[in-house]
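Before any comments, here is the structure.
The values are calculated or read from the model by the stated rules, or taken from the named source; none is laboratory data. Quantities reported herein were computed from a predicted structural model and do not represent experimental measurements. Cβ atoms come from the backbone with ideal geometry, glycine included; neighbour counts cover every protein chain shown. Side chains are part of the model used for accessible areas, which takes the heavy atoms of the whole protein and leaves out ligands, DNA and RNA. Shrake-Rupley method; radii C 1.70, N 1.55, O 1.52, S 1.80 Å.
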Amino acid sequence: MSEPIINFTRTRKTVTEEIQNLSFSPDFSIDDELKEFRTKAWNAWQKLPFPTEKDEDWRRTSLKNLNLAQYQLTRKTNFKQTVLPSHLKYATEKDDQGGLIILEGDEASCSLEGNLENMGVVFTDFKTVMQQHPGLLKKLLDKYEGDHVKKFSALTAAISANGILLLVPSNIKVEKPLQSLTWIDGDSVIQTSHVVVVLEEGAEVTYVHETSSREHEEKASLHTGLFTIIAGPNSKLNFVELQSLGQQTWNLTHESILVDVDAQVDWIFGTLGSKVTKSFSNLNLIGRGAIGKMSGFYFSNGKQHLDHDTQQNHLAPNTTSDLLFKGALLGESRSVWQGMIYVDPKASKTDGYQANRNLVLSQKARADSIPGLEILTDDVRCTHGSTIGKIDQDLVFYLQSRGLNRKDAEKMIVEGFFDPIMQRIPFESIRERFQKAIEEKMASY
């Protein structure tokens, strides 16, 4: 399916060979069912122009300091030696989940409740899928992935030695949330997250994926992600995507959800980490009556740069989308949110809404908020709005009059600002951890 808004078409000579070129090539000697798929993606990576600030989609996010030549593919030879930080270990050992995958390098640890396996649910890594369900992964990728028209989505597809597949059969309702974690532990490495989720007709599931890493004081790392998610007719998906990378890690992701006839998707983002994040998130409403909701929160400090590019593509009639992103900024950090509601000529009776709210908490922080509409038909209702401001001093005064000191009053206001989105996170342990992270960032305010 074509995506009419995002488009890389120009060739630039301003980016040096050092920045553009990798220090390695993928190993295509392994003759598995994805060899052709990965080779095609690698060819696309080599041919596509490298994005620069002269491209509209990258105008506010520079890759000049990325320097791809410094990175090597991360490998994991003994997964049992992986030691997660205590907060992640606590979150992944809770008993309120139906399945868990931890991916590091090209190895994965996978678990799924037996009753879900008996119902035909597949939730495992790519290597296991190819062993236990030959041909299934290739069939899904060939059907839904299409040609790679984005530079870093092509790179992820080409170099991912492993990935995650979630397949929920028709009319199966998964009661407990499923969780996965991409973990990065190393300096000057590239780690990929290639995630494929397919809900067949009438299926229901809550799925949480987190990308995290250790803090690195000097050497940078790079994470690239490619998410392809399909919500079949009358299905219901709650998808929570969390990012808690160390502040020396670059994070470049491309994500796409297809929502079919009368399906419902609730897509929740949480972004706290990374040095630079550039995330493309496409919500494609492809079936009549499809409903999609996108809710995001981000909190930056130091010199972090967080850039979210969202698309609400209405490609069928009687579709509904609703987006709300909220962010707070400290230090010299910068956030960019650029959103677009696109309405196809055949998508009459569309109802689309988008809003971005920002709290700028320091003099040197900066928030860019760019909503947009592209409407190619009549009989629609589409609205957007954005705000950038500071903490309301009247609220601070009110709370101080009730006995709080100024610091606690401002902390309470920021927590209240984020609370509606926090409450959408289905895991209490993850919600509590991100609330604690917000408290820690506020402590430096």
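Just a few scattered comments:
- The chain: antiparallel DSSP beta bridges as a percent of all, rounded to 5: 5
- Percent carbon-and-sulfur accessible area, region 111-227, ignoring ligands, DNA and RNA, probe 1.4 Å: 43
- For the chain, the calculated P(r), taken from all Cα-Cα distances in 10 Å bins from zero up to the bin holding the longest distance, is 4, 21, 32, 28, 12, 2, 0 percent.
- The Cα center of region 304-322 and the Cα center of region 154-169 differ in position by 23 Å.
- In the context of the full set of protein chains, residues of region 148-206 present 23 Å² of accessible surface per residue (probe radius 1.4 Å, heavy atoms only).
- Along principal axes, Cα extents of region 93-209, largest first, whole Å: 40, 34, 24
- Unit charges on C-beta of K, R, D, E only; dipole of region 241-325, Debye: 300
- Accessible heavy-atom area order of His87, His254, highest first, probe of 1.4 Å: His87, His254
- Leu222, Leu373, Leu100, ranked by accessible area, largest first (probe 1.4 Å): Leu373, Leu100, Leu222
- Of the solvent-accessible surface of region 287-445, computed with a 1.4 Å probe over protein heavy atoms with every protein chain present, carbon and sulfur atoms account for 49 percent.
- Cross-link pairs Lys54/Lys303; Lys127/Lys176; Lys143/Lys349; Lys275/Lys441; Lys138/Lys176; Lys35/Lys143 - those with Cα-Cα distance over 18 Å: Lys54/Lys303; Lys127/Lys176; Lys143/Lys349; Lys138/Lys176
- Rough spin-label spacing in nm, given labels placed 7 Å along Cα→Cβ, for Asp408 and Glu215: 2.7
- Each residue was assigned an accessible area with a 1.4 Å probe, and for Met119 the value is about 80 Å².
- Rolling a 1.4 Å probe over the protein heavy atoms of region 19-63, with every protein chain left in place, gives an accessible area that is 45 percent carbon and sulfur.
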